[in-house]
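Here the structure is laid out as structure tokens; the discussion comes afterwards.
The values are calculated or read from the model by the stated rules, or taken from the named source; none is laboratory data. Owing to the predicted nature of the structure, the values given are computational and were not obtained by experimental measurement. Cβ coordinates were reconstructed from backbone atoms using ideal geometry, including for glycine residues, and neighbour counts include every protein chain displayed.
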Amino acid sequence: MELTHLDQIKEILETGELRRIEFEKTEDIEIINLFQGIYGVAYAWYAAGCRTLDDIRNKKAGIKVSEVQEIGLQHYDDINTRMPREEAHEIFVAIKETALSLDPKLFIEIMGSYRRGKSTCGDIDILITRSTEDGKTHEGILPTLLNMLQTMGIIHEHLSLPDLSVDPLEAVYRGLCVRPLREGEGPESKRLRRRIDFLTVPWINRGAALIYYTGDDIFNRSLRLKANKMGYSLNQKGLSAGVVRSPTRYTVKLCDGHMIASETEEEIFRILGVYSAAFHQVSADYECSRPSKVCLGKNLTNGYGPSKWSMLCLPVYPHGLLALGLRKLGAPATPQGRVKAIQAPSLNIVYTLPTLYKR
């Protein structure tokens, strides 16, 4: 029987792992995962008999390798090596300063694992948009910015250029970059190629885009599941109500409904009943990469005085933990909504109920 998203989350919470993963550690899966480290990977390579990166480089069995895939092969080790948080910060600061020199009113944010407070990042995801209060937009900014960054030696190879013909305000660029030169370094200094994506969105969609591209994927899937259970639909554009779904296939929408929240993260969380009262206050050296049971200790406070609690948690947005269930040690599960807020001073996190799922 196939597990639902909720079943999978419960299984991880109870066992610390997902049984399905054990069956995905087969040779064919591991080889395909190896190939996925190349941008634009072709799954036909495995079917053609390729088993190593050298098989692809040598074009075994006459396989086709595109120009972009050649770039992925050439810099495979670089782009599959996680970068220190400090390096991602250097790249982002250089990009932000350059972008703001073009238009000081641009909104620029780094997303992904960096925004979740991780100590290392697999790539860099940057969101660009602009307030329209003065009647202007960010139209035309991305191509100009990319040209400037390429001249500065930060952007190198292009993997996917933005198509601005459909919507000049919404586009995606993917490429490879390097960090700026540090004091005392020259052009010959070794700098690893890093994957970088730029996303431009209309100002009205910035909140939903930030949630979607900050992640992580477990949090996003959980949030979309909760939205669906409440009769909404959530994607990178916003939260919609009035959605009509097929009675036989719940994933099929017969009516897309209408947008009710998209401009800020907080308004989306408020409607869904998912709250974090301490955005961006979590210590960056405290990480929880998967759901876990956490004993928060004695120095907690709530409306009923200090006590000792344990909490079932998921990674919270944008970093930290999100309470799935709260239990006083040696006592039954806390009724939904009874404890309004719990503070953990040692972690500098505030957890607020209602929880993501009803217990």
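Structure values in brief
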| item | result |
| --- | --- |
| Lone unmet requirement of (1) out of contact with any strand residue (DSSP E or B) (no Cβ under 8 Å at 6 or more places or on another chain); (2) without any contact (Cβ under 8 Å) to a residue 60 or more places away in the chain; (3) of a type outside the set (A, V, I, L, M); (4) not in a helix (DSSP H, G or I) for Glu266 | (4) |
| Count of segment 260-270 residues which are modelled with pLDDT of 90 or more and surrounded by fewer than 17 Cβ atoms within 10 Å (Cβ to Cβ) | 4 |
| Counted residues, segment 35-69 - those being touching a Lys or Arg at 6+ places or on another chain (Cβ under 9 Å) and closer than 14 Å to Asn80 by Cβ | 1 |
| Residues satisfying the stated conditions in segment 39-93, i.e. small (Gly, Ala, Ser) and within 16 Å of Leu159 (Cβ to Cβ) | Gly40, Ala42, Ser66, Gly72 |
| Residues (of a type in the set (Val, Ile, Thr), modelled with pLDDT of 70 or more and within 22 Å of the chain's Cα centre (by Cα)) located in segment 22-46 | Ile38 |
| Residue identified as in contact with a strand residue (DSSP E or B) (Cβ under 7 Å, 6 or more places away or on another chain) and not assigned by TED's automatic domain parsing to the domain that holds Thr120 among Leu210, Leu176, Leu169, Leu161 | Leu210 |
| Enumeration of residues in segment 112-138 that are on the phi > 0 side of the Ramachandran plot and free of Cβ contacts under 8 Å to residues at least 60 places away in the same chain | Gly135 |
| Any hit, segment 51-64, residues being under 24 Å from Arg179 (Cβ atoms) and either within 25 Å of the chain's Cα centre (by Cα) or of a type in the set (S, T, N, Q) (or both) | no |
| Identity of the residue in segment 224-242, closer than 21 Å to Pro202 by Cβ and in contact with a Phe, Trp or Tyr (Cβ under 8 Å, 6 or more places away or on another chain), that ends up surrounded by the most Cβ atoms within 10 Å (Cβ to Cβ) | Leu239 |
| Segment 186-207, residues that are more than 21 Å from the chain's Cα centre (by Cα) and modelled with pLDDT of 95 or more | Arg191, Leu192 |
| Subset of segment 208-247 [at pLDDT 85 or above, in a loop (DSSP other than H, G, I, E, B) and farther than 24 Å from Leu127 by Cα] | Met230, Gly231, Tyr232, Gly242, Val243 |
